[in-house]
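The values are calculated or read from the model by the stated rules, or taken from the named source; none is laboratory data. The structure presented is a predicted model; accordingly, all values stated were derived computationally and were not measured. With ideal geometry, Cβ positions are generated from the backbone for all residues, glycine too; neighbour counts draw on all protein chains shown. For accessibility, only protein heavy atoms count, side chains too; no ligands or nucleic acids. Shrake-Rupley method; radii C 1.70, N 1.55, O 1.52, S 1.80 Å.
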Amino acid sequence: MNIPNLFKIALKALANNKMRGFLTMLGIIIGVASVISMLAIGQGSKDSIREQISEMGSNMIMVQPGGDMRFGARQSASSMETLKLPDFEAIRREARYINGASPTVTASGQFINGAQNHPSTLYGVNEDYLRIRHFSLDNGAMFSEQEIASAAKVCIIGQTLVRELFPDGSDPVGRVVRFQKIPFLIIGTLKSKGANAMGMDQDDMVFAPYSTVQKRVLAITHLHGITASAIKEEYSERAISEISAILRSNHRLKPTDDDDFTIRSMEEIASTMSTVMDTLTILLGSVAGISLLVGGIGIMNIMYVSVTERTREIGLRMSIGAKSRDILAQFLLESILISLTGGIIGALLGGLFAALLTNVVGLTASVQPWSVILSFGVCTLTGVFFGWYPARKASGLDPIDALRYE
Amino acid sequence: MKEIIRLDNISREFHVGGEVVHALRGLTCLIREGEFVTIMGSSGSGKSTLHNTLGCLDTPTNGEYYLDGVSVRKMGRNARATLRNRKIGFVFQCYNLLPKSNAVENVELPLLYNSAFSAAARRQKAIEALTAVGLADRLRHKSNQMSGGQMQRVAIARALVNDPAVILADEATGNLDSRTSCEILILFQRLHLQGRTIIFVTHNPEIAQYSSRNILLRDGRIQSDTLNSHVHSAAETLAAMPPPED
């Protein structure tokens with residue numbers, strides 16, 4: 001029996017039972033559509049988190065004072081003061097895998113401009129910081145090394161502060177805001193960056209020379225942290241071990257001592273989040289996969305009924321010359337056609353659903369070509385796997401018994 | 001005349017629950033081209049087993065069966081399927097037409113399993129066969145839109161479409177009333193006149209008078225094998241029948 005005839009027979013059989021075929025197909029349609037849209041949602045969220053993290057600077061490395069939390073116990077206050085300016089200078093001098101580093105000290109409080117005030121965070125940083133965090137200036141200029149050396153009372157403010165403190169729309173550059181009674185001259189404004197992956201407003205910050213914040217605001221000699229950027233994202237790990245070695249030697253730690261600082265990289269955070277998203281994607285995908293499996297069992301069920309119902313037809317076909325393999329191929333092709341057609345419709349629906357989520361609901365869902373190929377593969381396999389047993393049963397019938405079947 | 005069927009001391013045994021049932025016990029017979037043979041016998045006489053054997057649906061336990069010169073006994077399932085496709089035309093008691101398919105689709109079915117025929121050739125042959133059984137005006141009728149007699153004609157057309165060596169009918173008039181039976185028998189007699197070889201398995205003794213030869217089975221053996229010197233005309237029988245009531 002040649003292939004076109006086989007198709008003709010299988011299509012005819014499906015056409016004879018349109019409603020039943022459609023209902024069987026529905027299981028596959030729902031299964032494939034949900035697999036594709038769930039994987040698209042998973043991948044979309046992962047992509048959007050990745051993108052936001054890379055906007056924050058995916059090659060960013062953060063050094064914080066104090067070792068890891070041990071068994072959940074908070075460590076003594078002095079252990080939080082282990083990072084000093086010489087540590088930063090050593091890193092800047094010696095580390096080869098970084099192309100920028102900045103000390104950080106932070107202070108929170110109200111920023112006041114006349115009658116307007118707004119609570120925000122003051123970051124004491126150096127001139128590298130904008131580049132490390134992928135910030136750029138909207139207006140004005142970054143403070144210089146001289147201004148850092150002289151602990152000048154200058155600052156750069158984010159767009160949220162521009163909006164809150166200068167609601168009349170006047171140019172903030174050249175104006176003065178007060179923070180804890182200290183007047184800061186605004187020398188620049190930041191371009192808006194929006195919220196980051198954790199939902200933090202990245203426009204709600206003020207940058208000032210770290211020396212100013214250390215000496216004039218906080219009156220401390222230690223640093224709250226050091227922020228650096230690796231030459232490339234791939235070098236993050238090497239940069240971490242390099243910085244770790246520098247800090248250990250600077251702090252004169254014995255090989256048996258634990259680190260008195262913690263280094264984390266954005267890359268690390270990003271991959272942790274990716275892992276979380278992957279787990280979520282697998283979870284969503286497998287729930288959808290189960291519905292595909294149930295759809296497949298639906299096919300098997302219907303094919304079984306169909307074989308039993310058409311026993312006499314099978315007997316007739318055999319008596320007029322159909323070989324066992326013709327019957328096998330006929331029923332197998334029927335189930336493959338059901339599952340493949342269901343697969344195509346399901347893939348279209350899944351894509352439509354993903355597009356709907358993206359454009360109407362606002363979720364990021366990106367349909368992966370591999371998930372479409374996967375669902376198609378699964379569909380064909382489902383057709384073969386669940387169609388095989390009933391088809392096998394049909395082809396193994398004895399024509400004499402089949403013809404006599406009531 | 002050419003030998004179509006040669007049965008050489010065939011027997012068929014079935015094993016049912018540890019017991020051996022002898023359905024056929026050493027049957028020998030020869031059927032030549034152009035014969036119209038009725039095979040009769042009461043139930044349990046081995047009629048069905050002989051029908052299945054002649055139809056290559058079953059193989060004898062012992063003995064040899066040659067269909068159109070080909071030995072069937074040692075053939076496998078697939079080889080017999082092909083042999084049936086080329087050499088035998090089946091007509092069943094309950095027609096066995098495909099539901100929801102029209103007459104042409106039903107008739108061209110055997111040719112679907114013969115890759116020598118293209119779609120156009122199949123259609124052509126099917127229309128010819130349907131014309132030969134007098135259904136040229138019913139080509140597109142579905143099986144559920146036809147009467148029993150018409151359905152059996154479609155089934156006969158399906159048996160003719162592959163130009164078989166032998167037409168094997170199993171109680172082909174069993175589901176029909178006497179008038180329609182008569183019409184079907186007229187058709188068989190006409191096919192016989194055209195030189196077709198027909199084997200008609202039945203338990204109805206009346207049919208024997210329309211055939212050229214009658215084989216009577218009993219307990220798996222041939223009890224009698226007689227040539228019919230005076231073949232009745234089914235057409236005359238029909239003419240003698242009282243006209244239909246409505």
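Annotations for the structure displayed:
- Residue list for segment A:181-207, filter: farther than 18 Å from A:Ile53 by Cα and at pLDDT below 90: A:Lys181
- Within the option set B:Gly44, B:Gly76, being loosely packed, with under 15 Cβ neighbours inside 10 Å, within 14 Å of another protein chain (Cβ to nearest Cβ), of a type outside the set (A, V, I, L, M, F, W, C) and over 14 Å from the mean Cα position of the chain (by Cα) holds for one residue only, B:Gly76.
- All told, A:Gly321 falls short of being within 20 Å of A:Met25 (Cα to Cα) and assigned by TED's automatic domain parsing to the domain that holds A:Ile9.
- The one condition in (1) more than 10 Å from every other protein chain (Cβ to nearest Cβ); (2) open to solvent by 30 Å² or more (accessible area, probe 1.4 Å) that B:Cys94 fails to fulfil: (1)
So that you can scan it fast, the table gives a plain yes or no per residue for (1) buried (at least 16 other Cβ atoms within 10 Å of the Cβ); (2) aromatic (Phe, Trp, Tyr); (3) farther than 26 Å from B:Ser11 by Cα:
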position: B:Phe188; (1), (2), (3): yes, yes, yes
position: B:Gly195; (1), (2), (3): no, no, yes
position: B:Tyr210; (1), (2), (3): yes, yes, yes
position: B:Arg213; (1), (2), (3): yes, no, no
position: B:Arg218; (1), (2), (3): no, no, no
position: B:Gln223; (1), (2), (3): no, no, no
position: B:Ala234; (1), (2), (3): yes, no, yes
position: B:Thr237; (1), (2), (3): yes, no, yes
position: B:Pro242; (1), (2), (3): no, no, yes
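- Matching entry among A:Lys181, A:Lys153, A:Lys191 (being farther than 19 Å from A:Pro119 by Cα and either in contact with a His (Cβ under 6 Å, 6 or more places away or on another chain) or open to solvent by 70 Å² or more (accessible area, probe 1.4 Å) (or both)): A:Lys191
- Only listed residue being of a type in the set (D, E, K, R) and within 11 Å of chain A (Cβ to nearest Cβ), chosen from B:Glu35, B:Glu108, B:Glu64: B:Glu108
- Residue within segment A:289-303 that is away from chain B (no Cβ under 14 Å) and either within 29 Å of B:Pro110 (Cβ to Cβ) or not in a helix (DSSP H, G or I) (or both) present: yes
- Against the list (1) assigned to a loop (DSSP other than H, G, I, E, B); (2) within 14 Å of another protein chain (Cβ to nearest Cβ), the condition A:Arg325 fails is (1).
To keep it simple, each residue is scored yes or no on (1) farther than 18 Å from A:Ala391 by Cβ; (2) modelled with pLDDT of 90 or more; (3) within 12 Å of another protein chain (Cβ to nearest Cβ).
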position: A:Met1; (1), (2), (3): no, no, yes
position: A:Pro4; (1), (2), (3): yes, no, yes
position: A:Ile9; (1), (2), (3): no, no, yes
position: A:Lys12; (1), (2), (3): no, no, yes
position: A:Ala15; (1), (2), (3): yes, no, yes
position: A:Met19; (1), (2), (3): yes, yes, no
position: A:Met25; (1), (2), (3): no, yes, no
position: A:Ile30; (1), (2), (3): yes, yes, no
position: A:Ala33; (1), (2), (3): yes, yes, no
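- Evaluating A:Arg312 against the criteria (1) within 14 Å of chain B (Cβ to nearest Cβ); (2) crowded, with 24+ Cβ neighbours inside 10 Å leaves one unmet condition, (2).
- Out of A:Ser339, A:Ser244, A:Ser306, A:Ser286, one residue alone is among the small types (Gly, Ala, Ser), under 30 Å from A:Ala101 (Cβ atoms) and either assigned to a helix (DSSP H, G or I) or open to solvent by 60 Å² or more (accessible area, probe 1.4 Å) (or both). It is A:Ser244.
- Any pair with Cβ under 6 angstrom, 6 or more apart, that starts in segment A:260-281 at a residue that is at negative phi and ends at one that is outside any helix (DSSP H, G or I) and among the hydrophobic types (A, V, I, L, M, F, W, C): A:Phe261/A:Val63; A:Ile263/A:Val63; A:Arg264/A:Met62; A:Ser265/A:Ile61; A:Met266/A:Met60
- Strands (runs of 3 or more DSSP E) contained entirely in segment B:1-112, each with at least 2 residues that are among the basic types (Lys, Arg): B:3-16, B:19-32
- Check on A:Leu397, open to solvent by 30 Å² or more (accessible area, probe 1.4 Å), of a type outside the set (Lys, Arg) and touching a residue at least 24 places away in the same chain (Cβ under 8 Å): yes
For (1) among the β-branched types (Val, Ile, Thr); (2) under 15 Å from B:Cys94 (Cα atoms); (3) assigned to a strand (DSSP E or B); (4) free of Cβ contacts under 8 Å to residues at least 24 places away in the same chain, each residue gets a yes or a no:
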site: B:Asn144; (1), (2), (3), (4): no, yes, no, no
site: B:Val154; (1), (2), (3), (4): yes, yes, no, no
site: B:Ala159; (1), (2), (3), (4): no, yes, no, no
site: B:Asp163; (1), (2), (3), (4): no, no, no, yes
site: B:Ala169; (1), (2), (3), (4): no, yes, yes, no
site: B:Leu176; (1), (2), (3), (4): no, yes, no, no
site: B:Phe188; (1), (2), (3), (4): no, no, no, no
site: B:Gly195; (1), (2), (3), (4): no, no, no, no
site: B:His230; (1), (2), (3), (4): no, no, no, yes
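- Considering the conditions (1) charged (D, E, K, R); (2) more than 10 Å from chain A (Cβ to nearest Cβ); (3) touching a residue at least 40 places away in the same chain (Cβ under 8 Å), B:Lys100 is excluded by exactly one of them, (2).
- Listed conditions (1) surrounded by 15 or more Cβ atoms within 10 Å (Cβ to Cβ); (2) in contact with a His (Cβ under 9 Å, 6 or more places away or on another chain) are all met by A:Ile132, apart from (2).
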